[in-house]
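Comments concern the structure below.
The values are calculated or read from the model by the stated rules, or taken from the named source; none is laboratory data. Source: prediction; values computed, not measured. We place every Cβ from the backbone using ideal geometry, glycine too, and count neighbours over all the protein chains shown.
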Number of protein chains: 2
Amino acid sequence: MSEIRKADSFHFRVNPFEDDFSGRLSWSVLGKHVLACAENHAAARGFDRLTLNGRRFLWVLSRMAFEMQEWPHRGEEYVITTWVRSYYRYFTDRCFDICRSDGKLLGRVFTIWAMIDEESRKPQVLEGLFGHTFDPYIDAERPCISQPFSRIRMREEAAPCCRRTTYFSDIDENNHVNSIRYIEFLLDTFPKPLLESRDVSRLEIAYHSESYCGDSLSFYAQGDADDGPVQMQVRKNAGADPAQGETVCHALISFAPPRQAEVLHPKE
Amino acid sequence: MSEIRKADSFHFRVNPFEDDFSGRLSWSVLGKHVLACAENHAAARGFDRLTLNGRRFLWVLSRMAFEMQEWPHRGEEYVITTWVRSYYRYFTDRCFDICRSDGKLLGRVFTIWAMIDEESRKPQVLEGLFGHTFDPYIDAERPCISQPFSRIRMREEAAPCCRRTTYFSDIDENNHVNSIRYIEFLLDTFPKPLLESRDVSRLEIAYHSESYCGDSLSFYAQGDADDGPVQMQVRKNAGADPAQGETVCHALISFAPPRQAEVLHPKE
């Protein structure tokens, strides 16, 4: 009897133009590769999507947390390993390790997914759909992010720090703004000198509703990058009144201490 | 004596989230892979960058033309082959074939590059820098795009069809808006139904000046997607007067006839 493999590892290299201004892997590419690894891991085990009695069911990302200690540089190889940690009623937890090719841990990602009916958009009880199909693949023992999610509470009186419109290039195959694109939107609200001098050490995002091409997004932030995490909220089509408009996502972003200057331009 | 290899081929696969709404390779990923292939091909031959007497010289992209007959779909493999076609005083022409893994041609790309002094930003005479280093690698015979570039002439009285601000996530390692990002910006100015129903068959872009994080870009378009190519111009910080502001790039975009509905969602 062959042993069941619970985790899959996927190998990548930071190609030119997959890096950011500092020559290190960009959030956009890392985030999309993380999602691709989830899809490929699930597809290899037959649970990437489901059709039952003519109804189609799809995974949607509910929450995502990144903890990054270090970023791979242009030309460097890295490995993303993913496994399913648990499932419970409507949700399943999936974890990721991001390592250098010599095995050194660079960061970790924790995600929570629901499976929705494509028509009704309602989440489904996972045991009802899959029975115990997942059971052999669950690895609850493997180390992962210790505190995956925080409670994000925004005071309602905040004024938006930024507004932007979404465009066609922001949407993906699901016809909504791509999950990872929100991370870029959120980071774009910070001053350039901050983003140039400090890494994000931890980023959590909780997705509440979809936004579409042409939506106007308002960004709200509370907290100071120098003093604990910044709490953020994105609302769509909010108009002038911040109490209006549907919440698209909440986020919590923590910055690491300033980088050393010589790390900023490693190629020089 | 080992034979000198003029062209290099790089193998890719359309991973999940590297596709657009239609499940086909996105412009963003194709464009960045094309640039990465150029860099990797040049690096393998020692002419990706240059330091002479303490001065540093970098390649900058001057023009780019895409002719696409077909796009690879999610999960499909494709191959980008690149070679140097010629060099002459300030410029060098570099070509690309994009093929399916069975060799079928999907599209072609033609690019023109200059090498600038990093400090003065002035283009350099290539023979002066490199002598005849390129000569053994030139392949002027290999078929490429037959008519690489058109003359793009905008009437000055056009009013902008769109304005947008650039953000931190739009800039790359060179601290300016990434060359490929302009292609997305340009396509974003067209109506969503047009982009959903018709492919771009040909796209030319000529870069004139850089734009930076926080710049306001104004987009001007002349022509009708149903009747020949659309001529486009991007100006930065133009204000209300279209005669103001520096030209960032010109472009020419041609759309193919509407796609068949069944091609639109191949996974269904």
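Take segment A:1-18 and flag every residue that is at the interface with another protein chain (Cβ under 8 Å from one of its Cβ atoms), in contact with a Gly (Cβ under 9 Å, 6 or more places away or on another chain) and within 18 Å of residue A:100 (Cα to Cα). Outline the logic, then answer.
Of the residues in segment A:1-18, the ones at the interface with another protein chain (Cβ under 8 Å from one of its Cβ atoms) are A:15-18.
Narrowing further to those that are in contact with a Gly (Cβ under 9 Å, 6 or more places away or on another chain): A:15-17.
Hits for segment A:1-18 are A:15, A:16.
Do the conditions hold for residue B:21, that is, is it of a type in the set (Phe, Trp, Tyr) and not in a strand (DSSP E or B)? Walk me through how you get there before you give the answer.
Working: of a type in the set (Phe, Trp, Tyr): yes; not in a strand (DSSP E or B): yes.
In short, yes.
Would you confirm whether or not segment B:16-24 contains a residue that is small (Gly, Ala, Ser) and touching a residue at least 24 places away in the same chain (Cβ under 8 Å)? Even if it seems obvious, please write down each step before you answer.
Step one: of segment B:16-24, the residues small (Gly, Ala, Ser) are B:22-23.
Right, trim to touching a residue at least 24 places away in the same chain (Cβ under 8 Å) and you get B:22-23.
Yes - at least one qualifying residue is present in segment B:16-24.
Considering only residues that are more than 14 Å from chain B (Cβ to nearest Cβ), surrounded by 18 or more Cβ atoms within 10 Å (Cβ to Cβ) and either under 30 Å from residue B:74 (Cα atoms) or among the polar types (S, T, N, Q) (or both), which ones fall in segment A:148-180?
Scanning segment A:148-180 gives no hits.
Has segment A:97-116 got any residue that is in a loop (DSSP other than H, G, I, E, B), among the polar types (S, T, N, Q) and under 21 Å from residue A:27 (Cα atoms)?
So the first thing to find is which residues in segment A:97-116 are in a loop (DSSP other than H, G, I, E, B), and the list is A:101-104.
So of that shortlist, the ones also among the polar types (S, T, N, Q) come out as A:101.
After this cut, where a residue has to be under 21 Å from residue A:27 (Cα atoms) as well, the list is A:101.
Within segment A:97-116 (the criterion being in a loop (DSSP other than H, G, I, E, B), among the polar types (S, T, N, Q) and under 21 Å from residue A:27 (Cα atoms)), the answer is yes, since at least one residue qualifies.
State which residue is surrounded by the fewest Cβ atoms within 10 Å (Cβ to Cβ) when the search covers only segment A:133-147 and only residues that are over 21 Å from the mean Cα position of the chain (by Cα), part of a loop (DSSP other than H, G, I, E, B) and in contact (Cβ under 8 Å) with a residue 60 or more places away in the chain.
Per the criteria, the residue is A:133.
I'd like to know if segment B:159-166 contains one or more residues that are modelled with pLDDT under 90 and aliphatic (A, V, I, L, M).
The answer is yes, given that some residue of segment B:159-166 is modelled with pLDDT under 90 and aliphatic (A, V, I, L, M).
Any residue in segment A:35-43 that is under 22 Å from residue A:150 (Cα atoms) and either in a loop (DSSP other than H, G, I, E, B) or basic (Lys, Arg) (or both)?
Looking for residues that are under 22 Å from residue A:150 (Cα atoms) and either in a loop (DSSP other than H, G, I, E, B) or basic (Lys, Arg) (or both), one finds none in segment A:35-43, hence no.
Kindly indicate which of A:221, A:206, A:158 is in the same structural domain as residue A:244 (by TED's automatic domain parsing) and in a loop (DSSP other than H, G, I, E, B). Explain how you work it out, then say what you get.
Details: A:221 fails: in a loop (DSSP other than H, G, I, E, B); A:206 fails: in a loop (DSSP other than H, G, I, E, B).
The match here is A:158.
Report, ordered by the first and then the second residue, all pairs with beta carbons closer than 8 Å, sequence separation of six or more or different chains, a first member in segment A:73-88 that is under 24 Å from residue A:62 (Cα atoms), and a second member that is buried (at least 19 other Cβ atoms within 10 Å of the Cβ) and basic (Lys, Arg).
These pairs meet every condition: A:82/A:94; A:83/A:94; A:84/A:94; A:85/A:94.
Filtering segment B:144-171 down to residues that are among the hydroxyl-bearing types (Ser, Thr, Tyr) and touching a Ser or Thr at 6+ places or on another chain (Cβ under 8 Å), which residue is farthest from residue A:199 (Cα to Cα)?
Within segment B:144-171, the match that is farthest from residue A:199 (Cα to Cα) is B:165.
What's the total number of residues in segment B:44-57 that are loosely packed, with under 13 Cβ neighbours inside 10 Å and assigned to a loop (DSSP other than H, G, I, E, B)?
3
Restricting to segment B:198-214, name every residue that is in contact with a Phe, Trp or Tyr (Cβ under 9 Å, 6 or more places away or on another chain) and among the hydroxyl-bearing types (Ser, Thr, Tyr).
Within segment B:198-214, B:201, B:207, B:211 qualify.
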